[in-house]
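The values are calculated or read from the model by the stated rules, or taken from the named source; none is laboratory data. Worth saying up front: this structure is predicted, and the values here are computed from it rather than measured. Cβ placement follows ideal geometry from the backbone for every residue including glycine, while neighbour counts extend to all protein chains displayed. Side chains included, ligands, DNA and RNA excluded: accessible areas come from the protein's heavy atoms. Shrake-Rupley method; radii C 1.70, N 1.55, O 1.52, S 1.80 Å.
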Amino acid sequence: MAASNPQAPGSFIAPLPYVLATLLPFGAGATLAGLSGFPVRLEVFILGAAALAALVLAVACSRELFAPDTSRFPTWGPFSTPTLKWLNWGLLCTTALLCLVLQSKWRTGNMTIPLGALGILGGYFYFAPPLAWHRRGWGEVLGAFGLGLLPMVWGFYLQCNQLVTELLLYVCPLTFAAFNLLLIHGFPPLEGTEPAPIRTLAARLGPVGGALIFTLVNILTITGLVVDLLFPPNPLPFRAGFILLILLAVVNQELIKKKAYRREARMRLLCHLTLAQQLAMGLVFAVSLWLRQ
C-alpha cells in the first residue's frame with residue numbers, strides 16, 4: 001500500500017537534476033558509438049532518451065508514494081496521492097513501451113528489453129515494493145548501476161547492438177560516484193523526529209561506518225578519473241574537466257574528513273555536491289567525447 005506523503009509541497013522540477021544526471025551519460029554513450037564507427041540514429045537517440053527520462057520520473061513517483069521520509073531526495077510535487085499513482089503507472093508503462101518499440105521496430109538488439117528491465121529493477125524498485133531495495137541495506141549497489149553504469153551503456157548499445165571495453169573507463173567512476181550519491185542521500189536526518197525507522201545502508205552502518213564506506217568508494221572514483229586522465233585510449237581533449245572532477249571529489253572527501261555527517265547543514269551541502277559531481281561527470285565525459293570528433 002502506498003504511504004502518505006506528509007512532507008511539505010515540493011517542486012515540479014525537483015527530479016530534473018536526476019534526469020540530467022542520466023541523460024548526459026546517455027548522450028556520451030551515443031557519442032562514443034559514433035566515434036567507434038557506428039551510425040548514430042537520431043530517432044533511436046530520442047526514443048532511448050525518452051525511455052530513460054520516463055524511468056527516472058517513475059522512480060521519483062515511487063519515492064513519493066512508498067518512501068517519502070526515508071531519504072534526502074527532494075520532494076516532487078505538489079501532487080495528490082491519486083495523481084502520483086496515475087503518474088507512477090503511466091511513466092512505468094511508457095518506459096516499457098518505448099523499450100519494446102526500440103527493440104521491435106528499430107532493431108536495437110536483443111539486450112534492449114533486458115537492459116530496460118535492469119533499469120526498472122534497480123531504479124524503480126529502489127523505493128517501490130515488494131523489493132524496496134533501499135530498505136535492505138544494499139540497495140545503493142543496485143541503484144548505482146542504474147544511475148551510473150546503465151545510462152552510458154544504454155546510449156552506446158542502442159546505436160550499435162554491442163559494447164566496447166572503452167566504456168569501462170567512463171562507467172566505473174560514474175558508478176562509484178552514483179553509489180556515494182545514494183549513500184549520502186540515505187543518511188538519516190540529524191534534526192527533528194523520525195516518523196518511521198530508516199533502514200538504508202548509511203542508517204544500518206551508522207555515521208562513522210557510512211563515512212568509511214564513502215571514503216573507500218571515493219578513492220575508487222578518484223582512481224578511475226586519474227586512470228582516464230593519465231592513460232586515455234585516445235587523445236583526451238578536455239583534460240581540465242577531468243582535473244576539476246578530481247578536485248570536486250577531493251572537496252567531498254574533505255567534508256567527510258571534517259565529520260560533515262554530524263551537522264545537518266553540512267550533510268545538505270554534501271548532498272548537493274555529490275549530485276553536482278554526478279552531473280559534472282556526465283557533462284565532462286560527453287564534452288570530451290564530442291571534442292574528439
Please state which one of Leu121, Leu97, Leu102, Leu84 is assigned to a helix (DSSP H, G or I), over 20 Å from the mean Cα position of the chain (by Cα) and closer than 28 Å to Ala203 by Cα.
Leu84
Restricting to segment 54-81, name every residue that is open to solvent by less than 30 Å² (accessible area, probe 1.4 Å) and over 26 Å from Leu201 (Cα atoms).
Ala54, Gly77
Give Leu230, Leu236 a once-over and let me know the one that is modelled with pLDDT under 95 and exposed (fewer than 15 other Cβ atoms within 10 Å of the Cβ).
Leu230
Which one of these is of a type outside the set (A, V, I, L, M), modelled with pLDDT of 95 or more and over 21 Å from Met152 (Cα atoms): Glu254, Glu191, Glu264?
Glu254
Every residue from segment 121-149 that is within 26 Å of Leu42 (Cβ to Cβ) and in contact (Cβ under 8 Å) with a residue 60 or more places away in the chain:
Gly123, Leu147, Gly148
Restricting the first residue to segment 271-293 and requiring it to be at negative phi, which pairs with a second residue that is assigned to a helix (DSSP H, G or I) and among the aromatic types (Phe, Trp, Tyr) meet a Cβ separation below 7 Å and a spacing of at least six or different chains?
Val284/Phe242; Phe285/Tyr170
Failed criterion for Val250 (all others in (1) in contact (Cβ under 8 Å) with a residue 12 or more places away in the chain; (2) open to solvent by less than 20 Å² (accessible area, probe 1.4 Å); (3) within 27 Å of Pro74 (Cβ to Cβ) hold):
(2)
